[in-house]
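The values are calculated or read from the model by the stated rules, or taken from the named source; none is laboratory data. No experiment lies behind these values; they were computed from the predicted model shown. We place every Cβ from the backbone using ideal geometry, glycine too, and count neighbours over all the protein chains shown.
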Amino acid sequence: MLTYLIIFAIVGFIIAKVIKEPKKSFFIILCISIVSGFFYTPMWALVSFAEMALGYFVVYFTKD
């Protein structure tokens, strides 16, 4: 499970670096988590959303 934390945090980090608009970033993170919910369970979709949001907010709050 630690592997998925690292993977989804990196995905959130990349989304924050590539896409500068917060609304588009939120939408992409939401879509990815919904897709992961189809392959696993809805609980894991929420967890993946939180992990990607963690990666996104690390970049968002540490930028100058």
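Only one of F38, F8 is modelled with pLDDT under 95, in contact with a helix residue (DSSP H, G or I) (Cβ under 9 Å, 6 or more places away or on another chain) and loosely packed, with under 12 Cβ neighbours inside 10 Å. Can you tell me which? Step through it out loud before you land on a result.
On the way: F8 fails: loosely packed, with under 12 Cβ neighbours inside 10 Å.
So the residue among F38, F8 that is modelled with pLDDT under 95, in contact with a helix residue (DSSP H, G or I) (Cβ under 9 Å, 6 or more places away or on another chain) and loosely packed, with under 12 Cβ neighbours inside 10 Å is F38.
Might you let me know whether the stretch 55-62 holds any residue that is touching a residue at least 40 places away in the same chain (Cβ under 8 Å) and over 12 Å from the mean Cα position of the chain (by Cα)?
Within the stretch 55-62, one or more residues are touching a residue at least 40 places away in the same chain (Cβ under 8 Å) and over 12 Å from the mean Cα position of the chain (by Cα).
Could you tell me which residue of the stretch 15-25 is surrounded by the fewest Cβ atoms within 10 Å (Cβ to Cβ), considering only residues that are touching a helix residue (DSSP H, G or I) at 6+ places or on another chain (Cβ under 8 Å) and not in a loop (DSSP other than H, G, I, E, B)? Before you say what the answer is, go through the steps one by one.
Taking the stretch 15-25 as the starting set, the residues that turn out to be touching a helix residue (DSSP H, G or I) at 6+ places or on another chain (Cβ under 8 Å) are 15-17, 19, 22, 25.
Keeping just the survivors that are not in a loop (DSSP other than H, G, I, E, B) gives 15-17, 22, 25.
Working: I15: 20, A16: 22, K17: 13, P22: 11, S25: 21.
Going through the qualifying residues, I end up with P22.
Among (1) surrounded by 14 or more Cβ atoms within 10 Å (Cβ to Cβ); (2) out of contact with any helix residue (DSSP H, G or I) (no Cβ under 8 Å at 6 or more places or on another chain); (3) not aliphatic (A, V, I, L, M), which single condition is S48 missing?
Going through the list (1) surrounded by 14 or more Cβ atoms within 10 Å (Cβ to Cβ); (2) out of contact with any helix residue (DSSP H, G or I) (no Cβ under 8 Å at 6 or more places or on another chain); (3) not aliphatic (A, V, I, L, M), S48 breaks only (2).
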